[in-house]
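Enquirer: Got a structure here, written out as structure tokens. Questions coming.
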Amino acid sequence: MTIHYSVFMGAILAALASEIFISPAIAGPYVAGDRTFPATPTTNYPFVADAAYGSVTSMREGAPDTGIRQTALGFGVEKRITEDLGIEVEDAYNILNMPARKNAYGFGNVEATAKYQLFLSDEHEFLLSAGVQREFGGSGANRVGAEAVSATTPTLFFGKGLGDLAESVKYLRPIAITGTVGYQRADQRTRTIATIDPQSGVSQLSIEHNPDQLVLGFALEYSLRYLEGNVAYLGLPGFIGRLTPVVEFAYTVPVGTAFGAPTTGIIAPGFIYSANGIDLGVEALIPATRQSGTNVGVIASVHIPFETFLPAAAGKPLFGGEHREGRP
Amino acid sequence: MSRSSKSRDVPRATRTAFTLLLAIVLGAVSAVAWAAQIHGVSQKGRMFQTKEIDIAHGDTIRFSNDDDFLHQIYVKSPSFTFESDEQAPGQSIDVRFPQGTFEVRCRIHPKMLLIVHAN
């Protein structure tokens, strides 16, 4: 697995270093051709941006009377260093409501992502980015499940709008697909933990396994705004016309020596409401495998460009200026 | 009586002065309103039909959606911000510009851009 990881990392770094993949037609964030990609609540998106975002997630594990309800208040910022290179930092404050036990509160691990927009095709509404995500183990509270071990996830991000489809199938043009494919590797695959049994006072050793994982995310979107703005005006009411129905799929798949770790996944159908550059999303979180849980959760998210509430300069890259033709 | 007569004279003078002042102000406002022009800009083919336009500050641009599609316009600058609702085909939106140079864009069509120089 180490060889595969090195090859993957090498490919990413080589692509980052290479100028030949960079399209000469540079556009702004969120945009490829006539397509404006909305910020998706559950999976990451391919563009780099200058924005703040937040989310509220609520899920329950186990039976209604005895299960644990986890509420996470996520928040993050993303900033472009250059027009194509951006960084993100995010965290979440978690609340665990446990019947018959004291509730637990605390932050999760801090996560940071560096993302580079490698390729853009306005004609085909296609966007490809590569990045590296880093979870800083131990920066969050163990009592709310924050991992003690750090992990790194080189990731490819893509977005593709179907605006280049033929006239005969023009009503499929508002469809867009975005996705991420990442390979997560923990700094320590196996960790020995010493604990003392409070009842007996006897010390015990346990082993924690952190297998490599494929981290996959896909979003299937149908933009009603794209429909009315580029395909056919239907006279939809304003609120409806700003919606993008979406279904997201998020999976983690152990690879190599899995140590019995299962594949987990979430299917998240919902809507994204876009107005004045701000995206609001609401999705149901449906466990996709038996090991992912048995109850349906919910996520609500907001993505706000800096220029909405800060001076216009905050919405631009730190270096190099912008050469885009337009942006939402 | 004479004191009360004097006291009535003063308001009369004030009223006269106020009437004159009002006439001057209204005249000035009318002159400005008369001088301000309306410029037409067509939105067609998912483009502004003009890429750049020079107007006098205080002038109005009438954006006409001559397209078959939905449009929208917005301006975001430190000195002037404007955000329209969605604009159906055949619908017009009037925007009066203060002094300055502004980028007018459409949130539905990210490549649409009009530069307005309001001198």
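Where a number appears in this text, it was derived from the coordinates with a stated rule and is not lab data. Everything quoted here is computed from the prediction, not taken from an experiment. Every residue, glycine as well, gets a Cβ built from its backbone with ideal geometry; the counts of neighbours run over all protein chains shown.
Enquirer: What list do you get for A:Val202, A:Val132, A:Val246, B:Val104 if you sort them by fewest beta carbons within 10 Å?
Expert: Listing A:Val202, A:Val132, A:Val246, B:Val104 from fewest to most nearby Cβ atoms yields A:Val202, A:Val132, B:Val104, A:Val246.
Enquirer: Over the Cα atoms of the protein assembly as shown, Rg to Rh with Kirkwood Rh, two decimal places?
Expert: Rg/Rh for the protein assembly as shown comes to 1.13.
Enquirer: Let me ask another. Suppose the chain between A:Val296 and A:Arg101 were pulled fully straight at 0.36 nm per residue; how much longer would it get relative to their current alpha carbon spacing?
Expert: Taking A:Val296 through A:Arg101 to full extension adds about 67.9 nm, to one decimal.
Enquirer: Could you derive backbone 3J(HN,Hα) for region A:181-195 from the dihedral phi with the Karplus parameters 6.51, -1.76 and 1.60 (θ = phi - 60°), listing whole Hz in sequence and x where the residue is Gly or Pro?
Expert: After applying 6.51 cos²θ - 1.76 cosθ + 1.60, I find 10, x, 10, 9, 10, 7, 5, 10, 6, 10, 9, 9, 10, 9, 10 Hz.
Enquirer: Can you compute the charge dipole magnitude of region B:38-118 about its Cα centre, using +1 on each Lys and Arg Cβ and -1 on each Asp and Glu Cβ, nothing else charged? Give it in debye, rounded to the nearest 20. Present the calculation step by step, with values, prior to reporting the outcome.
Expert: Numbers: 9 positive and 11 negative charges, 42 e Å.
Charge dipole of region B:38-118: 200 debye, to the nearest 20.
Enquirer: Would you work out the Kirkwood radius for region B:43-88? I mean one over the mean of 1/r across all pairs of different Cα atoms, in Å.
Expert: Answer for region B:43-88: a Kirkwood hydrodynamic radius of 12.1 Å.
Enquirer: Report the net charge of residues surrounding A:Leu224, where surrounding means a beta-carbon distance below 15 angstrom and charges are Lys +1, Arg +1, Asp -1, Glu -1.
Expert: Around A:Leu224, the charge tally is +1.
Enquirer: Take A:Thr42, A:Thr82 and order them by how many other Cβ atoms sit within 10 Å, fewest up front.
Expert: Working: A:Thr42 23, A:Thr82 15.
So the residues, fewest neighbours to most, are A:Thr82, A:Thr42.
Enquirer: Could you tell me how many degrees, from 0 to 90 and to the nearest 10, lie between the Cα long axis of helix A:2-17 and the main elongation axis, the longest principal axis, of the Cα atoms of chain A?
Expert: 30
Enquirer: So, one more: Here are some pairs, A:Lys160/A:Lys316; A:Lys160/B:Lys44; A:Lys316/B:Lys51; B:Lys44/B:Lys111; which of them have Cα atoms lying more than 18 Å apart in this structure?
Expert: A:Lys160/A:Lys316; A:Lys160/B:Lys44; A:Lys316/B:Lys51
Enquirer: Still on this structure, please answer the following. Sort B:His109, B:His57 by Cβ crowding within 10 Å, fewest neighbours at the top.
Expert: B:His57, B:His109
Enquirer: Which whole-number percentage describes the relative contact order of chain A, with Cα contacts under 8 Å and a sequence gap of 6 or more?
Expert: 18
Enquirer: Let me have the relative contact order for region A:171-300, percent, based on Cα pairs under 8 Å that are six or more residues apart.
Expert: Dividing the mean separation by the residue count of region A:171-300 yields 19 percent.
Enquirer: What does the charge count near B:Gly100 come to, summing +1 for each Lys or Arg and -1 for each Asp or Glu among other residues with Cβ under 15 Å from its Cβ? Let's see the in-between values first.
Expert: Details: positive: B:Lys76, B:Arg96; negative: B:Glu52, B:Asp54, B:Asp59, B:Glu103.
Result for the neighbourhood of B:Gly100: -2.
Enquirer: Then there's this: List the residues of region A:283-307 whose backbone N lies under 20 Å from a point placed 7 Å from the Cα of A:Ala275 along the Cα-to-Cβ direction.
Expert: A:283, A:300-307
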